[in-house]
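*Asks:* Dropping a structure here in structure tokens format, bear with me for questions.
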Amino acid sequence: MHELPRRPVKPAPLAAESDVAGGACYERAMTARLVLVHSPLVGCPTWDLAAAQLTQAGYEVVVPDLTGTVTAGPPYAVRQAEVIARAAARAPAILIGHSGAGPLLPAAAAMTGGRAAGCVFVDVGLPMPGQAWMDTVPAELADLVGQMADDHGWLPPWPQWWGDDELARMLPDQAVREAFAAGCPRLPLAMFTELHPAGPRWPEAPAGYLLLSQAYEHQAAKARHRGWPVTRVMTHHLAMLTEPARIASALDELIREIPS
């Protein structure tokens, strides 16, 4: 499969190791490439502002672009996991998935050949091998999505599902809102009915969970039950676009808590 574009950013210095508990965790965190993965329902601008903050904090950051996979046809989840794995081009890499990217992380980590040093799930539903997206959401949302499809099986871009007022409530800055919406592709209904392939339910690499909104409290509780470090920053689902410094700081701290 043809490799989709990635957008690497070069690192800059951060705090001294003496400021951090656990030198080994600090060293692993700061030498790892952070792979910030947007949901396949949206686009790269989801992570742009937080990526800049993490770069200033001293990390090497890459944002793989999954938007091309939605027009490439099935198998969608496999193609998306391949793109994520290729973004982890050198060891070690920490895969960080937001929203619909979360279920892709275990398969992507397995494809890296051991280069994945950790996975961070950001306000996501946890992995669902053998299930379709439609099987994991409330019936009324599944019905709504099915009704939005045109005669060729295509859905409008995700921001249009909710209307201008709701998007403006979450993203009040017009420039940020317009950049985010411009990066969101039309979506094939088939991607939502496709069964995620059988594979690892949980990543073999150490993992953590960053909770941003009340809707994902149950998923965070599952992560905590598995012994993962869980960080709560109760704001909203797209907070990396409105509070990028806060989200970058939370990720920085969570990454250091993930065991080696």
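*Asks:* Condition first: modelled with pLDDT of 90 or more and among the hydrophobic types (A, V, I, L, M, F, W, C). Now tell me which residues in the range 145-165 satisfy that.
*Replies:* Within the range 145-165, VAL145, MET148, ALA149, TRP154, LEU155, TRP158, TRP161 qualify.
*Asks:* Still on this structure, I have one more. Could you pull out every one of the helices (runs of 4 or more DSSP H) wholly within the range 107-183 that has 1 or more residues that are surrounded by 14 or more Cβ atoms within 10 Å (Cβ to Cβ) and among the aromatic types (Phe, Trp, Tyr)?
*Replies:* Details: elements: 133-136, 139-148, 164-170, 174-182.
The qualifying helices (runs of 4 or more DSSP H) are 133-136, 174-182.
*Asks:* Among the listed residues ALA52, ALA77, identify the single one that is crowded, with 24+ Cβ neighbours inside 10 Å, in contact (Cβ under 8 Å) with a residue 24 or more places away in the chain and part of a helix (DSSP H, G or I). Even if it seems obvious, please write down each step before you answer.
*Replies:* Details: ALA52 fails: crowded, with 24+ Cβ neighbours inside 10 Å.
The match here is ALA77.
*Asks:* GLY208 fails exactly one of the following numbered conditions: (1) within 19 Å of PRO157 (Cβ to Cβ); (2) at pLDDT 95 or above; (3) not hydrophobic (A, V, I, L, M, F, W, C). What is the number of that condition?
*Replies:* (1)
*Asks:* Scanning the range 187-220 for residues that are in contact (Cβ under 8 Å) with a residue 60 or more places away in the chain and acidic (Asp, Glu), which turns out farthest from ALA250 (Cα to Cα)?
*Replies:* GLU194
*Asks:* Still on this model: So VAL120 fits all but one of (1) modelled with pLDDT of 90 or more; (2) closer than 27 Å to ALA72 by Cβ; (3) among the β-branched types (Val, Ile, Thr); (4) over 17 Å from the mean Cα position of the chain (by Cα); what number is the exception?
*Replies:* Every listed condition holds for VAL120 apart from (4).
*Asks:* Further question on the same structure: Six or more apart or on different chains, Cβ atoms under 9 Å: show the pairs whose first residue is in the range 124-136 and closer than 23 Å to ILE96 by Cβ and whose second is of a type in the set (S, T, N, Q) and in a helix (DSSP H, G or I).
*Replies:* If the second residue must be of a type in the set (S, T, N, Q) and in a helix (DSSP H, G or I), the pairs left are VAL124/SER99; VAL124/GLN219; GLY125/SER99; GLY125/THR136; GLY125/GLN219; LEU126/GLN219; MET128/THR136; TRP133/THR193.
The values are calculated or read from the model by the stated rules, or taken from the named source; none is laboratory data. Just so we're clear, the structure is a prediction, and the values are computed from it rather than from any experiment. Note that each Cβ is placed from the backbone with ideal geometry, even for glycine, and that neighbours are counted across all protein chains shown.
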